[in-house]
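A quick write-up on the structure given underneath.
A short reminder: the numbers here are calculations on the coordinates, not readings from a lab. The structure displayed is predicted, hence computed values, not measured ones. Glycine gets a Cβ as well: all are built from the backbone with ideal geometry, and neighbour counts include every protein chain shown.
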Amino acid sequence: MSPLSSQVMVATNSWATRMADSVLQTYPATQWNWHYEHGLVVKAIWEAGLATGNLRYEQFVRDWVDHFVTPEGNIRTYCESDFNLDQINPGKLLFPIYQRTGETRYLRAIQRLWDQLKNQPRNPSGGFWHKQIYPDQMWLDGLYMAGPFIAEYAHTFKEPGILNDATRQLILIEQHVRDPKTGLLYHAWDESRQQRWANPETGCSPQFWGRAIGWYAMALVDVLNFLPVAHPDRPVLVGILSRLAQALLRFQDPATGLWFQVIDLPERPGNYCESSVSAMLIYAFARAVSREYIAPDFLTVARRSYRGLLENRIKIDGRGKLTLEGTCSVAGLGGDHDRDGSFEYYVGEKIADNDFKGVGPFILAALEMESAEGGHKP
């Protein structure tokens, strides 16, 4: 069983399983995509299956993976030469299926993704480019896409030296994007300082985008779950996580317990409490408390936010299907002329219902909270 997986049986009528069932009702094979947000929600359903013993979830995930992995171990629609860290994220699903089946095709698919990471372009400091088309840029998002995959690869194939790259990436970006005044993390860092969004002195983008920080927080707890106790970077990552948690506590909305799209500007017109960052931080905080990475009081913080999501962002139709409202559909930097990292850009992006970038973390958050409320460690 993966170290990420819950070992406590969760009720089959839980919020986690109700959301997983809602996804399965409206996610036919014609919509399946080897894409980071699809990988995120499918991984969450896998975790729900482990937590509940629901074999239907496991079968769905295996069908989803087999839709892409050919008998030769190729991955349909995946293109290594894009050097896109987002395309690594669905590969996290390959590990448990390979471990359960021992089939060579899954091993070959894992190795194809690992080949990309071995050759991933890096900035002068050794940080992964987010994509081939984004030279010298590290994004917080990419740390979640690649970091836990590297850590699980090292764990699965007993290559502990590889862990150092996963920890190095997390430490490097925090050193450059952390704001000493607030303790928050800027969305991205361009070491070359060539992007128009990059601060000419620091190379950082100009705002603290909520979901980017959520991605990074999840990356920390997921990588830590594969890191041996004696690993020298373990206390460093725990320290980063603790600092970030303390910083985020200052910006939790007192009315709802949620976090804002642009974290530090709650009063600015147009800003709003955003669902995906809130779900990501619930997951990260609850899991970090269960693993004793951060103080137990942060479970209360997670509980307040979880209650806020349920009360303010979850809608239930007459058939019991759940809708998660209030997720930013997409946000990035560069490329299109208006992706300038400004406040106006982030709050102007489309808000969507049941966006997988919110739904996946909601399922993971619900699993953690339901386990914690049962008095057990997952």
From the helices alone, meaning DSSP H stretches of at least four residues, give me the mean residue ellipticity at 222 nm for the chain, per-run term -39500 (n - 2.57), in deg cm²/dmol to the nearest 500. -16000 deg cm²/dmol
Between 346, 273, 257, whose Cα lies farthest towards the positive end of the dipole of the chain when Lys and Arg beta carbons carry +1 and Asp and Glu beta carbons carry -1, centred on the Cα centre? 257
Below 8 Å, C-alpha to C-alpha, sequence gap of six or more: please give me the relative contact order for segment 15-373 in percent. 17 percent
Run through all the Cα pairs of segment 15-373 and give the fraction in each 10 Å bin from 0, expressed as whole percent. 5, 26, 36, 26, 6, 0
Give the lysines whose C-alpha is closer than 28 Å to that of residue 315, dropping any in the same chain fewer than 8 places away, or say none. 43, 350, 357
Quick one: Cα centre-to-centre distance for segment 89-120 and segment 262-277, in angstrom? 37 Å
Value in Å of the Kirkwood radius, where segment 261-378 supplies the Cα pairs that are averaged: 15.4 Å
Simple label model, 7 Å out from Cα along Cβ direction - residue 103 to residue 250, nm: 5.1 nm
